[in-house]
1. What distance in nm separates the two pseudo spin-label positions at residue 79 and residue 45, each 7 Å out from Cα along the beta-carbon direction?
2. Taking K and R as +1 and D and E as -1, what net charge do the other residues with C-beta under 14 Å from the C-beta of residue 75 add up to?
3. Within 10 Å, count the other beta carbons around each residue, average over each peptide in 79-92, 44-57, and list them highest first.
4. If the chain between residue 68 and residue 104 were fully stretched, how many nm would it gain, using 0.36 nm times the residue separation less the Cα-Cα distance?
5. FRET efficiency for residue 54 and residue 136, Cβ-Cβ distance as r, R0 = 22 Å, nearest 0.05?
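A short reminder: the numbers here are calculations on the coordinates, not readings from a lab. These figures come from a predicted structure and were not determined experimentally. All Cβ positions, glycine included, derive from the backbone under ideal geometry; neighbour counts span all protein chains shown.
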Amino acid sequence: MVNGFLIFVNQPLTLLAESRRSGGRLKGWLKDQRVKTLILIVASNSELSRIWARHLERQDHVVHVVDSQQAAVEFLYENEPEVLVLDVMLDNGSAIATADFASYRCPSTRIVFVTRSTFFADGSLFQHIPNTAAIIPERTKPTDLAEIVAYHGRAS
C-alpha cells in the first residue's frame, strides 16, 4: 500500500497546484488521477472469470466480466479499461479481433492474454497485437494473475 500512501500524502499539494493551473477546473484531471484500475475480463470459463475478478476486486480494482467478443466490443465503445484480460480460446467470437479492436479503440489499454494451449508460446502475439503486455497460462494462480494485471494497470 506504499503507492496509496504516497498518493494520499502528495495529493493535496498536487490538487492545489493543478487547481491554480486549470483555473479551478479539476473534473478531467481528477478522472485521470483515479486510484482504482478498470479491468475488463473476456473469457469463456465463467467460473474462472469470477475467481479472477474476486482476486482483482480484493486489490481495489473495478472489474467488468464478459464472455463474448460482442459484449467486449460494446464495453470498449463506452469505456477505456487500463487492462484487458483476454482468453485466447474465446468460445463466443474471436480473441484476436477483440484485441485488435481494443488496440484501435483504446491504444493505452494493456492486454494480458490467457491461454490453455501452447499455440502462442512463441510470443507471436507480441508482434501482431501492439498492446500485448503478457501471455500467461490459464492455470496461473489467481493471486499471480492479479499481480500481473496490477503491474500492467500501473504501467498503462
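1. 2.2 nm
2. -4
3. 79-92, 44-57
4. Here the segment from residue 68 to residue 104 would lengthen by 11.1 nm.
5. Efficiency, rounded to the nearest 0.05: 0.80.
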